[in-house]
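As structure tokens, the structure follows; a few thoughts come after it.
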Amino acid sequence: MKDLVNGCLILWEDQYAIGDFVTIGRAAGFVENMNLRVTQLRSSDGRLITIPNSSIIQVENSTRTWSRVDLRIEVDYETDVTSAMEVLQKVTSGLLIDKDWGDRLIEPAEVLGIEKLSYTGMELRIMMKTQPGHQWAVARELRFRVKKALSDQNIYLAAPTSCSP
């Protein structure tokens, strides 16, 4: 009975739909089937996970309305941060106007700046709003373009430094 009641609430509240990518407890995957009794997810490695609706307490929906790329790049301490951020801004702007990628983006990216300092380098952060479910492909393309652009400008990724006495 609990399965049916929770199933009704899931449908009524429109928490997720077939095709959404969700995390329920420790299970994550695309919603392949749902009814009043169970929700079935297909994991990235192809497993079909069946979850009784009564056991669903919290749902994280990664593809509802819009998605986000949250990319962090750690650069070497010798890097001119202003130059690195300009490169990142050019890369993200290029992605936005690209005929193959621009329609997957909702708005221009935010190059936020230095997110963290560590013993290996400086972490720069980019956030980009995408169409639902496109965050993974956009992130892969963005990483590819960022790596190429940084290399072209002789900006190096961070690497652990050795401490000698």
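Confirm whether ILE24 is under 30 Å from MET127 (Cα atoms), aliphatic (A, V, I, L, M) and open to solvent by 40 Å² or more (accessible area, probe 1.4 Å). It would help to see each step written out before you state the result.
Details: under 30 Å from MET127 (Cα atoms): yes; aliphatic (A, V, I, L, M): yes; open to solvent by 40 Å² or more (accessible area, probe 1.4 Å): no.
No; evaluated as a whole, the condition is false for this residue.
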**Complete:** Apart from one, (1) among the β-branched types (Val, Ile, Thr); (2) over 25 Å from GLU110 (Cα atoms); (3) modelled with pLDDT of 95 or more all hold for VAL69; the odd one out is (2)
**Asked** How many of the residues making up segment 9-21 are open to solvent by 60 Å² or more (accessible area, probe 1.4 Å), of a type in the set (Phe, Trp, Tyr) and either at positive phi or modelled with pLDDT of 95 or more (or both)?
**Response** 0
**Request:** Would you please name the residue that is farthest from ILE10 (Cα to Cα), looking only at residues in segment 60-87 that are in contact with an Asp or Glu (Cβ under 6 Å, 6 or more places away or on another chain) and open to solvent by less than 60 Å² (accessible area, probe 1.4 Å)?
**Result:** GLU74
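Residue by residue, here is whether (1) modelled with pLDDT of 95 or more; (2) in a strand (DSSP E or B) holds:
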{"position": "GLN89", "(1), (2)": "yes, no"}
{"position": "SER93", "(1), (2)": "yes, no"}
{"position": "LEU96", "(1), (2)": "yes, no"}
{"position": "LYS99", "(1), (2)": "yes, no"}
{"position": "ASP103", "(1), (2)": "yes, no"}
{"position": "TYR119", "(1), (2)": "no, no"}
{"position": "ILE126", "(1), (2)": "yes, yes"}
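So, in segment 39-55, of the ones that are assigned to a loop (DSSP other than H, G, I, E, B) and open to solvent by 70 Å² or more (accessible area, probe 1.4 Å), which residue ends up nearest to GLY7 (Cα to Cα)? Let's see the steps before the verdict.
Residues of segment 39-55 assigned to a loop (DSSP other than H, G, I, E, B): 43-47.
Pick out the ones that are also open to solvent by 70 Å² or more (accessible area, probe 1.4 Å) and you get 44-45, 47.
Working: SER44: 24, ASP45: 26, ARG47: 22 Å.
Checked segment 39-55; the qualifying residue nearest to GLY7 (Cα to Cα) is ARG47.
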**Message:** Only one of LEU36, LEU71 is part of a loop (DSSP other than H, G, I, E, B) and in contact with a helix residue (DSSP H, G or I) (Cβ under 7 Å, 6 or more places away or on another chain). Can you tell me which?
**Reply:** LEU36
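Filter segment 128-149 down to the residues that are part of a loop (DSSP other than H, G, I, E, B) and on the phi < 0 side of the Ramachandran plot and list them by number.
Taking segment 128-149 as the starting set, the residues that turn out to be part of a loop (DSSP other than H, G, I, E, B) are 131-134.
If the condition is that a residue be part of a loop (DSSP other than H, G, I, E, B) and on the phi < 0 side of the Ramachandran plot, then GLN131, PRO132, HIS134 are the ones that fit.
Being open to solvent by 40 Å² or more (accessible area, probe 1.4 Å) and over 18 Å from the mean Cα position of the chain (by Cα) is the filter here; which residues of segment 27-38 pass it? Before you say what the answer is, go through the steps one by one.
Residues of segment 27-38 open to solvent by 40 Å² or more (accessible area, probe 1.4 Å): 30, 32-33, 35-37.
GLU32, ASN33, ASN35, LEU36, ARG37 - these are the residues of segment 27-38 that are open to solvent by 40 Å² or more (accessible area, probe 1.4 Å) and over 18 Å from the mean Cα position of the chain (by Cα).
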**Item:** From the options LYS90, LYS99, residue that is out of contact with any Leu (no Cβ under 9 Å at 6 or more places or on another chain), surrounded by fewer than 16 Cβ atoms within 10 Å (Cβ to Cβ) and within 30 Å of ASN61 (Cα to Cα)
**Value:** LYS99
**Matching residues in segment 112-126 - criterion: being touching a residue at least 24 places away in the same chain (Cβ under 8 Å), open to solvent by 30 Å² or more (accessible area, probe 1.4 Å) and among the hydrophobic types (A, V, I, L, M, F, W, C)** = ILE114
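The values are calculated or read from the model by the stated rules, or taken from the named source; none is laboratory data. Given the structure is predicted, the values throughout are model-derived calculations rather than measurements. We place every Cβ from the backbone using ideal geometry, glycine too, and count neighbours over all the protein chains shown. With ligands, DNA and RNA removed, areas are computed over all heavy atoms of the protein, side chains included. Shrake-Rupley method; radii C 1.70, N 1.55, O 1.52, S 1.80 Å.
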